[in-house]
Amino acid sequence: MGRRISDRKPDAVQESTDGALRERGRLLGILDAMEDGVYVVNPQYAIEYVNPVLIREFGPVEGRKCYEYFHGRREVCPWCKNAEVFAGGTVRWEWTSPRSGKVYDLVDTPLRNPDGSVSKLEIFRDITRHAKAEEALGGALEESAARRAEIEALHAAARAILEYHEFADAAWEIFGSCRGLIGATAGYVALLNAAGTDNDVVFLEAGGRPCSVDPALPMPIRGLREVAYRTGQPVFENDFAGSPWVKFMPPGHAALDNVLFAPLVLQGKACGLLGLANKPGGFTENDARMASAFGKLAAIALQNSRMLEAQRRAEEEIRRINADLECRVAQRTAELETANQDLAEEMALRLRLEREVLEASEAERRRIGRDLHDTLGQNLTALAFLLNALARRVEGRIPEETCTVQQLQHQVKKAIAEVRSLAKGLDPVGLHQGGLAASLAELADTTQRQSGVACRFRCESPVAIKDETVATHLFRIAQEAVNNALKHAQPGAIEMVLEDRAGEIVLTVEDNGVGMTKKAARGKGMGMHTMRYRADAIGGTLRVQPGARAGTAVICSWPRPA
């Protein structure tokens, strides 16, 4: 016999209710296991469920309403989202717990109960670290933007130093950059007068406020300005009207809410002020720091302006001196033209005396040459060894003195080379009894034997030179030319030729080496100088030119006396 439908309805309702309860139980089990906080509240603000995460954070509910439990309030929160949620909406918002300071991302959504009623389910996600990171990033971006603005303003001020020579022009640009960066509306730049008692105003910007004070009136160094001058540091006052400094304000001065003074310091002494005033919100320590930086730039601009002015005056003085010098030169030119005749005679006399001195000093030069080589040369060589030893010791113990020792080594080496060159010039080879030709032949043999370079002398017909001084100078020219070839030309062979060409004695020393540049031929080395000097001393000429085959030819011509 079947059951009546009316008998089966209570069982169906019960079964549906049991299913809903089981489903709710499973949901609560899931909510208990969640890492985020979760709670359920009914329309009367009574908390129906709190998961373990929120209990650990906020404690047991103990019958409290949601606004009491979470916010410590006695009445409903003005920002409560319940109305929106119970109307069927889902709300996402952010909340910072006043108790812990943590930041939560909240999601509120309707939750239908088994009995058909609706509650609000709210999920708490802790985003404190994320929020702090965003806050830090925002702060860093703001700080970066501020630093960039500071750099751009300082760069503009620095550029003004280069663009403007007059201090007033550069100071105006620097002041404008500083005022724009810091946000002040008024200010001035002033310089300390020579007596050190007053400010001389370069310019003043009242910022749109009425000011009837005559800018030409003295600005005494007193009050807060005196503090800036005395300490050399920036100072500011954000309640100027209530400060003791207000009593120093002259009648008719523009109203000042706040002030900041940054000194211009040169060589450790304050020589002026950059003043700022009336910044909305007042000045900060960072404003003082930046104003100090602009004050330093203004001081540089002042120094630059003074240096340029000094340079201008110096240039004017130079022009005046040049004009005076030109006048004096003109006078002296006339005197020199008169003295030229006497000078020419004196030079001729000097040449004659030089020849006599050369003849008289031959024996003394040989002795000096040997002394230079045997005494001073050996002493310098010993000194070089000592410096080498000293360099090795200094390198390990006193590195900062290594450069000095190396310089000494270089100078000693240079001195040794010069002493050797000088000794060779002072100790000439004696002339052979056979005259100049025999001496040159002997020089060729000696050169080949000592250097290994083929060296020969050629004189196809006898060349008689009765003047022993001339013969000596020609020999020394040949000797120096051979030495130069061996040192610089890397020759395979050297040839000396002595000829009598229609009343002119010609001595040629030619090598087949690498040759020499025109610059080297005109050089002022000891060897080239000596050869030219000796040729001039005997009334001859000296030419250095490329050889016929390669290398270099040194040619000395001496006109035989009639």
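With the convex hull built on the Cα atoms of region 433-559, state its orientation-averaged projected area in nm². That works out to 7.3 nm², a quarter of the Cα hull's surface. Among the trypsin sites (Lys or Arg not before Pro) in region 434-493, those located in a DSSP loop and surrounded by at most 12 other Cβ atoms within 10 Å of their own Cβ are 466.
Over region 220-356, the hull volume per residue, using the convex hull of the C-alpha atoms, is 200 Å³.
Computed from the C-beta positions of residue 32 and residue 84, the FRET efficiency with R₀ = 45 Å rounds to 0.95. When the pairs 65/132; 65/120; 247/269 are compared against a 20 Å limit on Cα-Cα distance, 65/132; 247/269 fall above it.
Loop-located trypsin sites (Lys or Arg not before Pro) in region 208-284 (DSSP state other than H, G, I, E, B) with a sparse environment of at most 15 neighbouring Cβ atoms within 10 Å: 222.
If the segment from residue 310 to residue 238 were pulled out straight at 0.36 nm per residue, it would be longer than the present Cα-Cα gap by 21.8 nm.
Applying the Kirkwood pairwise sum to the alpha-carbon positions of the chain produces a hydrodynamic radius of 36.9 angstrom. Residue exposure proxy: 313, 159, ordered by other Cβ atoms within 10 angstrom of their Cβ from fewest to most, comes out as 313, 159. Starting from the Cα of residue 113, move 7 Å in the Cα-to-Cβ direction to define the label point; list residues of region 47-73 whose amide nitrogen is under 11 Å from there. 47-49, by backbone N distance to the label point.
Our summary of shape: the Cα atoms of region 73-192 have principal axis extents of 90, 27, 26 Å, ordered from largest down, in whole angstrom.
The amide H of residue 264, built 1.01 Å from its N in the peptide plane, has 271, 272, 273, 274 as neighbours under 5 Å, considering only residues 5 or more places off or on other chains.
Go ahead and run the numbers for FRET between residue 397 and residue 376, Cβ-Cβ distance against an R0 of 22 Å, rounding to 0.05. Working from the Cβ atoms, E equals 0.10. Cβ-to-Cβ counts within 10 Å put 106, 343, 308, 443 in ascending order as 343, 308, 106, 443, the fewest first. Scalar couplings 3J(HN,Hα) for region 39-49, obtained by applying the Karplus form with A = 6.51, B = -1.76, C = 1.60 to θ = phi - 60°, are 9, 10, 9, 8, x, 8, 6, 7, 7, 9, 7 Hz; x denotes Gly and Pro. Under a 5 Å amide H cut-off, with hydrogens placed 1.01 Å from N, residue 102 pairs with 97 among residues at least 5 apart or on other chains.
Length gained on full extension, residue 537 to residue 230, computed as 0.36 nm times the residue gap minus the Cα-Cα distance: 103.0 nm. Scattering from the C-alpha atoms of region 139-309 alone, worked out with Debye: what is log10 I(q)/I(0) at q = 0.08, 0.09, 0.15 1/Å? The computed values of log10 I(q)/I(0) come out as -0.22, -0.28, -0.80. Computed FRET efficiency, Cβ-Cβ of residue 142 and residue 285, R0 25 Å: what is it to the nearest 0.05? Calculated value: 0.90.
Exposed loop sites here are GluC sites (Glu not before Pro) assigned a DSSP state other than H, G, I, E or B and surrounded by at most 11 other beta carbons within 10 Å; excluding them, the longest clear run of the chain is 76-459.
Stretched out straight at 0.36 nm per residue, the stretch from residue 132 to residue 348 would grow longer than its current Cα-Cα span by 67.9 nm. Between residue 64 and residue 506, the modelled labels are 12.6 nm apart [label points 7 Å from Cα along Cα→Cβ]. Karplus-derived 3J(HN,Hα) values for region 144-150, using 6.51 cos²θ - 1.76 cosθ + 1.60 with θ = phi - 60°, are 5, 5, 5, 5, 5, 4, 4 Hz; glycine and proline are entered as x.
Every number here is computed from the coordinates shown, using simple stated rules; none is lab data. None of these values were measured; they are calculated from a predicted model. Cβ: placed from backbone, ideal geometry, glycine included. Neighbour counts: every protein chain shown.
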